[in-house]
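Written below as structure tokens is the structure these notes are about.
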Amino acid sequence: MIEFLTQTTPTARKKHICDLCDGEINVGEKYERQSGMVDGDFFETKAHSSCMEICRRYCRDIGESEFVTECVIDWLRDRICDDCETREECPHRTPFTCTRVYELTTSKEETDHD
Ligand SMILES: [Zn+2]
């Protein structure tokens, strides 16, 4: 359970590694930083805004406020990668770095509940 959570969007003053895609967050780039306490443990996450946006979609889709990166990746593979034409020669280590995944995930508006 999340006991507290603070979320900021600082501009990187040095290089960081995105906790979601393992890619670099470049100097001068805005990124999202979340820190808080879960089950008594302090955590801090730094991630690209685009990677975090995908996770927000995941949370909205499954109706949870928390996510585990591996579960988001499975969800993306099920929903998008499995139907992808270039699945056999996919150059991406993780679906987070794929623009197609990002576009399909973030452009799909939920229509079934509102
Ligand atoms: Zn990232």
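Can you pull out the strands (runs of 3 or more DSSP E) entirely within segment 1-86 that have at least 3 residues that are touching a Phe, Trp or Tyr at 6+ places or on another chain (Cβ under 7 Å) and within 16 Å of the ligand (Cβ to nearest atom)?
Once the strands (runs of 3 or more DSSP E) in segment 1-86 are filtered for at least 3 residues that are touching a Phe, Trp or Tyr at 6+ places or on another chain (Cβ under 7 Å) and within 16 Å of the ligand (Cβ to nearest atom), what remains is 41-48.
Is there any pair with a first residue in segment 11-39 that is on the phi > 0 side of the Ramachandran plot and a second that is in a loop (DSSP other than H, G, I, E, B) and surrounded by fewer than 11 Cβ atoms within 10 Å (Cβ to Cβ) whose Cβ atoms are under 9 Å apart and which are 6 or more apart or on different chains, and what are they?
Once the first residue is on the phi > 0 side of the Ramachandran plot and sits in segment 11-39, its partners that are in a loop (DSSP other than H, G, I, E, B) and surrounded by fewer than 11 Cβ atoms within 10 Å (Cβ to Cβ) give Gly28/Arg13; Asp39/Met1.
Does segment 78-90 include one or more residues that are surrounded by 11 or more Cβ atoms within 10 Å (Cβ to Cβ), more than 14 Å from Cys21 (Cα to Cα) and of a type in the set (A, V, I, L, M)?
Within segment 78-90, one or more residues are surrounded by 11 or more Cβ atoms within 10 Å (Cβ to Cβ), more than 14 Å from Cys21 (Cα to Cα) and of a type in the set (A, V, I, L, M).
Within segment 32-79, how many residues are closer than 19 Å to Thr8 by Cβ, over 8 Å from the mean Cα position of the chain (by Cα) and basic (Lys, Arg)?
The total comes to 2.
Okay, residues lined up against (1) modelled with pLDDT of 95 or more; (2) surrounded by fewer than 11 Cβ atoms within 10 Å (Cβ to Cβ); (3) under 24 Å from Ser107 (Cβ atoms); (4) of a type in the set (Gly, Ala, Ser):
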{"position": "Ser35", "(1), (2), (3), (4)": "no, no, no, yes"}
{"position": "Phe42", "(1), (2), (3), (4)": "no, yes, no, no"}
{"position": "Cys51", "(1), (2), (3), (4)": "yes, no, yes, no"}
{"position": "Ile54", "(1), (2), (3), (4)": "yes, no, yes, no"}
{"position": "Phe67", "(1), (2), (3), (4)": "no, no, yes, no"}
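The values are calculated or read from the model by the stated rules, or taken from the named source; none is laboratory data. Model, not experiment: these values are computed from the prediction. Positions of Cβ are backbone-derived with ideal geometry, glycine not excepted, and every protein chain shown enters the neighbour counts.
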